[in-house]
Amino acid sequence: MEIFFNSSYPFLIFLASLAIAGILSYLLYWKFQQDSPLSITQVRLLAGLRFLSVFLIAVLLLKLAVQHIKHQTQQPELIIGVDNSASLADFDQEVNQTVASLQEELKSFTPKVLYFEEPSQNTDSISFNGKRSDYSGFIEKVTNKYGTADIGALVLLGDGIFNAGIDPVYASEKLNFPIYTIGLGDTLAHTDAAIQNVSVNSTAFLDTNFPVEIDLNFTQAAGEIVTLVIKEGGKTLYSRAIRILSENYFFTESVLLKPENTGITHYTIQIDEIGGEQNLANNNYEFSVNVISDKQKILLLAHGAHPDLGAINSALAPITKYETELITGYPSEGLDFSEYDLVIVHQLPDNDPRSINLLEQLTKSRRPSLFILGKNSVVSRFNNLQTGIEIRTNNSFEQTTPTINTQFSHFKLDFESLKALQGFPPLLSPFGNVQADSWVEPLANQTIQNVETSRPLIAFGKKEGRKLGFILGEGIWRWRIHSYLNDRSHHLFDDLIQKTVNYLILKRNEDNFNLYWEDEYLEDQPVTIQAELFNESFELVNESDVEIDLNDQNGKNYHAMFDKSGDKYLLNLGILPPGEYAFKAQTQLGTSEYTEEGHFVVSKIQQELTNTQADFQVLNQIATKTGGRFILPNEVESLIEKLNATNQLSTRKLEQQVYQELLSMKWVFFIILLLLALEWFLRKYWGIY
């Protein structure tokens with residue numbers, strides 16, 4: 001046992017406690033000993049009781065604490081994870097029997113059964129209608145919920161087919177508990193003609209060819225001839241006969257399509273059925289494209305070449321409706337900012353006086369802008385632009401990392417995934433206090449040497465109707481690299497940049513009443529629409545009600561009211577059936593009436609039925625990596641015997657260091673009370689009042 005003092009001057013207080021207790025005891029008893037009817041022994045006993053009680057009370061002022069070892073036992077968690085996706089629908093009886101057997105035979109460990117498909121769709125019951133399989137997401141959720149130290153073992157039932165998240169073999173590499181995998185499904189290759197994947201941009205341009213890349217996979221069908229057809233409605237746009245050259249034949253067809261009308265256009269890809277096919281769901285594939293009349297232009301206006309600019313360009317490259325242009329330096333003839341729908345300003349204004357003139361022109365143009373500051377920025381000149389952010393600095397810089405604001409409301413983000421940025425390489429930011437106007441909302445604040453601050457690092461807002469964004473630091477290119485190193489994907493960084501641009505970029509016919517929505521939602525995504533209403537002074541208001549009428553492709557009408565969220569509006573329509581939807585929203589402010597129309601598509605998720613051949617190799621690798629074991633359903637009894645005998649699920653004896661102040665210990669007060677009560681009793685008993 002160790003003793004700690006929380007007081008700043010423990011020894012002085014300790015000595016003072018002794019002195020106070022001694023003086024009070026002396027004054028009360030020893031000074032008047034000659035006049036007392038008590039014997040010397042009685043006086044010493046009473047004085048000792050008073051000394052101890054006063055001393056203990058004074059010692060409590062030291063905030064004395066003790067640290068001791070507390071022994072306790074813990075039962076490690078046994079988790080049973082069951083793949084609830086559609087690819088296992090034909091094996092539901094085998095799955096249920098296996099789970100029931102595990103629950104019954106391992107009930108002494110109180111196993112927890114969790115069903116999964118993708119992270120946002122985990123469920124408490126099994127239905128086998130999951131649209132995707134995300135093994136890595138499930139493993140991450142389990143470890144986050146229970147902690148790797150508290151899990152004894154994970155039993156994973158599935159077919160090994162994953163089509164969401166990262167490779168589960170990679171995700172399980174650093175776990176410190178075993179995963180036992182049970183292979184379910186059919187590993188045999190059957191005759192099949194499958195549209196395995198379709199690569200196409202969600203946006204195309206009127207009267208301009210756009211590419212569609214179709215991956216076809218044929219199994220056990222050598223020598224057959226099938227026809228590939230692409231249709232728009234009932235009109236055939238493309239047709240080609242394909243001869244299957246081998247028993248396992250993979251073929252990619254690239255097609256150019258030219259849309260003739262604006263709006264959402266629906267296409268269907270079909271391949272012929274081959275005799276003996278069991279899975280016909282993968283012979284058809286549907287997709288939609290939003291056809292627009294022109295591209296939106298984005299200007300990258302920069303102090304000079306920088307890897308940040310390359311990272312932004314790479315993130316925007318897949319979005320074909322955007323056209324980017326890079327300008328470094330200062331064009332002699334100036335710039336017509338009205339030609340651009342968004343201007344991204346990188347490390348300007350700088351030391352060249354022409355930069356401030358250029359940015360003053362940008363301010364007058366009222367074009368939406370994203371400002372990225374760095375070591376070449378002259379912060380005092382930036383402050384003079386009165387953008388809504390002012391940095392009081394001596395032109396020095398420091399390294400900062402982001403702390404994500406999960407209450408951010410300007411556009412929708414996956415905040416849990418975005419928190420990974422907090423472990424990414426730091427940005428180089430201007431050192432100093434940051435003052436932001438009330439309309440500026442931070443997406444992330446600055447963390448400096450592990451200390452969270454209220455200074456914005458990434459922020460957005462609208463000043464008098466003009467949208468502005470700020471990244472107060474250079475080096476975001478490292479985030480894109482780190483995103484790939486973490487997840488083998490640039491998605492985290494690219495999604496942040498794409499949604500930043502989508503929010504800031506000038507919308508056609510943007511005025512006092514504006515709606516913001518996605519062109520495409522997946523069938524398992526909630527459909528959300530945001531709305532903004534401005535008064536004549538371009539101040540956000542939401543006193544008025546906003547109504548919306550939504551019509552699906554079959555003519556069914558939905559009527560709804562937007563919820564008021566802060567100073568904006570938000571509508572969550574929930575999960576909608578796949579199909580095309582058109583809507584009209586309307587509101588009134590004073591005597592002015594406003595309407596906004598649009599359309600979107602809810603697309604089917606077709607991944608689960610594209611490939612139904614179980615992949616036991618993945619399950620075997622997961623088990624091998626974690627020190628577990630891969631088995632088939634008929635070997636469940638051997639797994640049960642192993643788990644019943646293993647030390648991994650044995651009750652653990654834990655030692656915990658407990659730190660406790662004397663003030664929180666009731667027995668200390670009882671001792672003090674006992675001492676005072678005994679003194680009072682003896683004084684009464686011996687006739688002293």
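Summary of computed values
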item: Only one of PHE138, PHE128, PHE210 that is of a type outside the set (S, T, N, Q), modelled with pLDDT of 85 or more and in the same structural domain as LEU106 (by TED's automatic domain parsing); result: PHE138
item: From SER85, SER25, residue being modelled with pLDDT of 75 or more and either out of contact with any strand residue (DSSP E or B) (no Cβ under 8 Å at 6 or more places or on another chain) or under 23 Å from ALA677 (Cα atoms) (or both); result: SER25
item: Looking only at segment 225-274, and only at residues there that are of a type outside the set (Asp, Glu) and in contact with a helix residue (DSSP H, G or I) (Cβ under 8 Å, 6 or more places away or on another chain), the one that is nearest to GLY579 (Cα to Cα); result: GLN270
item: Matching residues in segment 28-62 - criterion: being at pLDDT 80 or above, surrounded by fewer than 17 Cβ atoms within 10 Å (Cβ to Cβ) and either within 16 Å of LEU673 (Cβ to Cβ) or among the small types (Gly, Ala, Ser) (or both); result: GLY48
item: Restricting segment 554-584 to residues that are aliphatic (A, V, I, L, M) and loosely packed, with under 15 Cβ neighbours inside 10 Å, the residue that is modelled with the lowest pLDDT; result: ILE575
item: Residues being closer than 17 Å to THR612 by Cα, modelled with pLDDT under 90 and crowded, with 16+ Cβ neighbours inside 10 Å - total across segment 244-273; result: 0
item: Hits in segment 162-190 - residues which are over 11 Å from ASP134 (Cα atoms), assigned to a loop (DSSP other than H, G, I, E, B) and not charged (D, E, K, R); result: SER172, LEU175, ASN176, PHE177, PRO178, LEU184, GLY185, THR187, LEU188, ALA189, HIS190
item: The lone exception for GLU547 - which of (1) surrounded by 12 or more Cβ atoms within 10 Å (Cβ to Cβ); (2) closer than 21 Å to ASP524 by Cα it fails; result: (2)
item: Residue in segment 334-357 that is among the basic types (Lys, Arg), in contact (Cβ under 8 Å) with a residue 24 or more places away in the chain and either in a helix (DSSP H, G or I) or in the same structural domain as PHE210 (by TED's automatic domain parsing) (or both) present; result: yes
item: Hits in segment 465-489 (condition: surrounded by fewer than 19 Cβ atoms within 10 Å (Cβ to Cβ), among the small types (Gly, Ala, Ser) and either at pLDDT 90 or above or closer than 25 Å to PRO349 by Cα (or both)); result: GLY465
item: Residue in segment 449-464 that is touching a residue at least 24 places away in the same chain (Cβ under 8 Å), under 24 Å from LYS568 (Cβ atoms) and exposed (fewer than 15 other Cβ atoms within 10 Å of the Cβ) present; result: yes
item: Scope segment 594-634; condition without any contact (Cβ under 8 Å) to a residue 24 or more places away in the chain and within 16 Å of ALA153 (Cβ to Cβ); matching residues; result: THR624
item: In segment 348-387, residue nearest to THR328 (Cα to Cα) [restricted to those that are hydrophobic (A, V, I, L, M, F, W, C) and out of contact with any helix residue (DSSP H, G or I) (no Cβ under 9 Å at 6 or more places or on another chain)]; result: LEU358
item: Which listed residue is without any contact (Cβ under 8 Å) to a residue 60 or more places away in the chain and within 23 Å of GLU518 (Cα to Cα), from TYR322, TYR267; result: TYR267
item: Which listed residue, of SER314, SER288, is under 32 Å from the mean Cα position of the chain (by Cα), among the polar types (S, T, N, Q) and either in a strand (DSSP E or B) or loosely packed, with under 15 Cβ neighbours inside 10 Å (or both); result: SER288
item: In segment 371-419, residue surrounded by the fewest Cβ atoms within 10 Å (Cβ to Cβ) [restricted to those that are in a loop (DSSP other than H, G, I, E, B) and of a type in the set (Ser, Thr, Tyr)]; result: THR406
item: Count of segment 126-161 residues which are outside any helix (DSSP H, G or I), within 23 Å of ASP186 (Cα to Cα) and free of Cβ contacts under 8 Å to residues at least 40 places away in the same chain; result: 1
item: Matching option when the condition is at pLDDT below 90 and of a type in the set (Ser, Thr, Tyr), among THR591, THR595, THR587; result: THR591
item: Index of the failed condition, ALA436 passing every other in (1) assigned by TED's automatic domain parsing to the domain that holds ASN572; (2) farther than 21 Å from ASP414 by Cα; result: (1)
item: Wholly enclosed strands (runs of 3 or more DSSP E) of segment 191-247 bearing at least 3 residues hydroxyl-bearing (Ser, Thr, Tyr); result: 235-243
item: Meets criteria (closer than 25 Å to ASP341 by Cβ, part of a strand (DSSP E or B) and not aliphatic (A, V, I, L, M)) for GLU518; result: no
item: Members of segment 147-191 that are of a type in the set (A, V, I, L, M, F, W, C), out of contact with any Asp or Glu (no Cβ under 6 Å at 6 or more places or on another chain) and crowded, with 17+ Cβ neighbours inside 10 Å; result: ALA153, LEU154, VAL155, LEU156, LEU157, PHE162, VAL169, ALA171, LEU175, PHE177, ILE179, ILE182
item: Segment 317-347, residues that are at pLDDT 90 or above, of a type in the set (A, V, I, L, M, F, W, C) and within 32 Å of the chain's Cα centre (by Cα); result: ALA317, LEU326, LEU342, VAL343, ILE344, VAL345
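The values are calculated or read from the model by the stated rules, or taken from the named source; none is laboratory data. Source: prediction; values computed, not measured. FYI the Cβ positions are ideal-geometry reconstructions off the backbone, even for glycines, and counts take in every protein chain you see.
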